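Just below is one structure, and these are the notes that go with it.
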Amino acid sequence: MADDTTLDGYWLPISLGRTPLGPELETEERVFGPGHVRLRVADLTPHTLREALVALRNNAHAVLADRPVADIVGTIEAATRRLVEPGAPLREELLSLLPGLTGFSPQMIEIGLERMGAGWTADALRGALRSEFGDLAVLDDFQPRETGGFERAFGPRLTVHVFSGNIPGVSVTSLIRALCVKSASFGKTAAGEPYFAACFARALAEVDAELASCLAVSYWPGGTEDLEAVAFSEAEAVVAYGSDETVRDIAGRMPPQVRFIGYPNRVGAALVSRAALSRKRATALAEGAARDVITFDQQGCVSPHTIFAERGGQVSPLDFARQLAGALEELAGEIPRGTLSPGESTLIHQLRAQAEVRGATVLAGARGTEWTVIVEGRAEFQPSPLNRVIHVCEVEELSQALTALEPVGRHLQTVAVAAEPATLTSLAARLGAIGVSRVVPIGEAAWPAPHWHHDGRFQFLDLVRFVDLEQQAE
Amino acid sequence: MDVRDGPRAEVLKYIRDGPRAGPEDFEHLALQVFGYQFSENEPYRRFCERRGSTPDSVAHWSEIPAVPTAAFKEAALVCGGPEQAEIVFRTSGTTQGPGRRGAHYVRDLRLYEAAALPNFQAHVLPDGAHLRMLILGPPLELAPDSSLTWMLARVRREFGTPDSAHFVDDRGLCLEELIAALTESEAGARPVALLGTAAAFAHTVEALDERGRRFRMPPGSRIMETGGFKGRRREISRDELYAMLVEWLGLSELYCVAEYGMTEMCSQFYDNVLRERARGRSPDLRYKVVPPWVRTQVVDAETLEPLPDGRLGVLRHFDLANLDSVLAIQTDDLGVAGDDGFEIVGRAAGSELRGCSIAMDEWLTTQR
């Protein structure tokens, strides 16, 4: 194995001799991504998978139950440093592999590592946990309640994660959330990004082998029903990321009593008021909006699809769109768009022509499909085919934008806003009523704070169950 | 040439001459057609002008600006305006809702017939067979704006026996009647031609599979299938479909001919297999034949620059039969060009959207 350059795209507690799986486990090589990257993944059978899941649960019971949360978050920070700190060998590995696996440019991957890593520090995790639990001690021991009696939070004995392949690193965040509530985790990776989670497990093993024995990660093609039936039946909680269809399908296969947390399709938008379209601010806004668009080439649930810009400001929506186009052109050099499949490129060419013939103003990169701005007066939310295609919709009043967003409310997540501070709260309230769960300044859409309410929900509280100890029990 | 009417007589003659038409004349005619379209097709002229292309600047047919098919959803791309159309064909629009259906305004059905009928005959009936046609598609009155339905009705009238019939009604595929017709054909040793969409054939063979009803169609029986698998829960590959057709209908794969056409084009493309067979050859490669009055290019999906043979890209067609609409069509079909034709590899639309950002088609379907 020493001279074999194929890397492991899996991690099983077997690696620590903690499961009885040894001789039974087989691996296979698979080729992933536009760069045809070869990875070794576990060739699990329903039997070996069940063995691994049972081992995970046992390991967690032995290792995690008595580990203080403060200790766990510290270990997580030590491990994730090995993924994101300049010069760290595992970081180099990620930088060399992820572009070929995901199609994103190396520059994008590098920024992603840096920004994601900021959410994986002990400070960030403690802050996020505190924002949900108040006192972290409730994860370690029974704590008195104001109303009398005691409570303690228990994470699932085993959380099964079904990752999506769109954004590298989201899988790691998901595993970290479960670790923070002392849950063992099995992560089923996606073909679109089958490596990062296993790499995190290896980093964790380097700093704390015991903790890493509570994690397992591998790949199989999504929808492999016999394996997934085993995984779901052994889990106490299942977290799934993916398209509406994927999440619906997985939800339909949950055994009773398993807690299911689904993160389906979400889209974003942006609102720019006429007050914000001053000559002084417009350029910076266009630059911020461009960063929101280019980050992970709009593959994220936080990414904007349509920007509604109000008429009547010093800078017209069309001029704002031109500045946005200029910023996208500049960023195309600094942080290049990823490699597209022929189908993805074709969609963009088709959409450009469709918009043009409809009478829209189409501003576009000239080399290929590297960026596209489509400016129209029709107050309608327009979904983007992603990969740096952004619609700019001119509106007379921002209220038209709210009306246009209403029909897609259940799909909305992040709306980036540039408006007068005095109107911000009422605007956010109206957006919230439609279904939006995150309102941020333009330029900040791509990087949610570590303590955010992901899709409007709790990151940790959704996973745990509380045990009440009533006074009479003393 | 009367500009208002274009080089109509010349194009009709060129198409009707078929293989006898001189390849060098294509060049000349294509440029004439472009001049006519530039002058008479208003939205197309604007499209060209924005690209700096005019009849003066375009020196070769391959430089004629190609219109992406999606543009047909937004404008009446027809010379003289939409009121000139003899018939309007519309795309099925299932992916983007009824409000977003592409429309091809056809001003002169003679061109359509001149292109469609001999080409069908050359590739589906190259042996001159006169067969009963079992059409796994609706009669024209149920789908009056479908170009495929129109073509099948026209083909049936031209080449089918009087007892040819349709096996789709407003409730869907009429399986019992179809099985009865197949039984009759098998018992009477009377070959038939089955024509329809891939989805209809997939549905049919699955039904035969469920019933365990296996046919051995009489020699000379053949299939022409077309289109994708839209509306089916599970997509199957063309190879799988053909294997099932061979198994359940008992005919050779060489008698299964795929047609590839689109609402936005008057001309179609067919597999070479049956034509080769009629010439006594056993084709080792299945590909789509480009008719003499059409040129097909494979272009790079990202830059839209033409690619050398053998490279995967997007198909672009130059169809003289599209005299009154747009000669140069940029499709979203992926393919590879070879010596005599091309192979289709798949469609771009609706595929490829990853992750937690929404699939555009799905969203549009649910919202509109």
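The values are calculated or read from the model by the stated rules, or taken from the named source; none is laboratory data. Not measured: the values here are computed from a predicted model. Note that each Cβ is placed from the backbone with ideal geometry, even for glycine, and that neighbours are counted across all protein chains shown.
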Which residues, counting only those in segment A:53-80, are more than 15 Å from A:Arg157 (Cβ to Cβ) and touching a residue at least 40 places away in the same chain (Cβ under 8 Å)? A:Pro68, A:Val69, A:Ala70, A:Ile72, A:Val73, A:Gly74, A:Thr75, A:Ile76, A:Glu77, A:Ala78, A:Ala79, A:Thr80
When both residues are 6+ apart or on different chains and their Cβ atoms are under 8 Å apart, which pairs have a first residue that lies in segment A:229-244 and is under 11 Å from A:Thr159 (Cα atoms) and more than 13 Å from chain B (Cβ to nearest Cβ), and a second that is in a strand (DSSP E or B) and basic (Lys, Arg)? A:Ala231/A:Lys188; A:Glu236/A:Arg259; A:Ala237/A:Arg259; A:Val238/A:Arg259
Identity of the residue in segment A:356-370, facing another protein chain (nearest Cβ under 8 Å) and crowded, with 21+ Cβ neighbours inside 10 Å, that ends up farthest from A:Pro34 (Cα to Cα): A:Val357
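List the strands (runs of 3 or more DSSP E) that sit entirely inside segment A:356-474 and contain at least 1 residues that are in contact with a helix residue (DSSP H, G or I) (Cβ under 7 Å, 6 or more places away or on another chain).
Working: elements: A:361-364, A:372-376, A:389-395, A:412-418, A:438-441, A:465-469.
Answer list for segment A:356-474: A:361-364, A:372-376, A:389-395, A:412-418, A:438-441.
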What number goes with the only condition from (1) farther than 30 Å from A:Tyr241 by Cβ; (2) modelled with pLDDT of 95 or more; (3) within 14 Å of chain B (Cβ to nearest Cβ) that A:Gly312 does not pass? (3)
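Counting just the residues of segment A:157-168 that are of a type outside the set (Phe, Trp, Tyr) and within 13 Å of chain B (Cβ to nearest Cβ), which one comes out nearest to A:Ile250 (Cα to Cα)? Outline the logic, then answer.
If we filter segment A:157-168 for residues that are of a type outside the set (Phe, Trp, Tyr), which is where we start, we get A:157-162, A:164-168.
Going one step further and asking which of them are within 13 Å of chain B (Cβ to nearest Cβ), we end up with A:162, A:164-168.
On the way: A:Val162: 9, A:Ser164: 13, A:Gly165: 16, A:Asn166: 18, A:Ile167: 20, A:Pro168: 21 Å.
Step by step, filter segment A:157-168, then rank; the result is A:Val162.
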Go through the residues of segment B:153-171 one by one and say whether even a single one is closer than 21 Å to B:Tyr287 by Cβ and buried (at least 16 other Cβ atoms within 10 Å of the Cβ). no
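Being buried (at least 19 other Cβ atoms within 10 Å of the Cβ) and within 25 Å of A:Leu83 (Cβ to Cβ) is true for just one of A:Glu228, A:Glu193, A:Glu210, A:Glu206. Which residue is that?
Numbers: A:Glu228 fails: within 25 Å of A:Leu83 (Cβ to Cβ); A:Glu210 fails: buried (at least 19 other Cβ atoms within 10 Å of the Cβ); A:Glu206 fails: buried (at least 19 other Cβ atoms within 10 Å of the Cβ).
Unique residue meeting the criteria: A:Glu193.
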Residues that are at pLDDT below 95 and either away from every other protein chain (no Cβ under 11 Å) or in contact with a Pro (Cβ under 8 Å, 6 or more places away or on another chain) (or both), drawn from segment A:325-347: A:Thr339, A:Ser341, A:Glu344, A:Leu347
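Residues to consider are A:Phe142, A:Phe150; find the one that is surrounded by fewer than 17 Cβ atoms within 10 Å (Cβ to Cβ), in contact with a Leu (Cβ under 6 Å, 6 or more places away or on another chain) and in contact (Cβ under 8 Å) with a residue 12 or more places away in the chain. Reasoning before the result, please.
Details: A:Phe150 fails: surrounded by fewer than 17 Cβ atoms within 10 Å (Cβ to Cβ).
Criteria check complete, one pass: A:Phe142.
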The residue from A:Glu356, A:Glu420, A:Glu406, A:Glu344 that alone is of a type outside the set (Ser, Thr, Tyr) and touching a residue at least 60 places away in the same chain (Cβ under 8 Å) is A:Glu420
When you go through (1) surrounded by 19 or more Cβ atoms within 10 Å (Cβ to Cβ); (2) under 20 Å from A:Phe32 (Cα atoms) one by one for A:Ser185, which number turns out not to apply? (2)
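Among the candidates A:Gly435, A:Gly377, which residue alone is more than 10 Å from chain B (Cβ to nearest Cβ) and under 29 Å from the mean Cα position of the chain (by Cα)?
Values: A:Gly377 fails: under 29 Å from the mean Cα position of the chain (by Cα).
So the residue among A:Gly435, A:Gly377 that is more than 10 Å from chain B (Cβ to nearest Cβ) and under 29 Å from the mean Cα position of the chain (by Cα) is A:Gly435.
Please determine whether any residue of segment A:133-148 is assigned to a strand (DSSP E or B), farther than 30 Å from A:Leu227 by Cβ and not hydroxyl-bearing (Ser, Thr, Tyr).
Taking segment A:133-148 as the starting set, the residues that turn out to be assigned to a strand (DSSP E or B) are A:143-144.
If we keep only those that are farther than 30 Å from A:Leu227 by Cβ too, we end up with A:143-144.
Within this subset, residues satisfying the condition of being not hydroxyl-bearing (Ser, Thr, Tyr) are A:143-144.
Checked segment A:133-148: at least one residue is assigned to a strand (DSSP E or B), farther than 30 Å from A:Leu227 by Cβ and not hydroxyl-bearing (Ser, Thr, Tyr).
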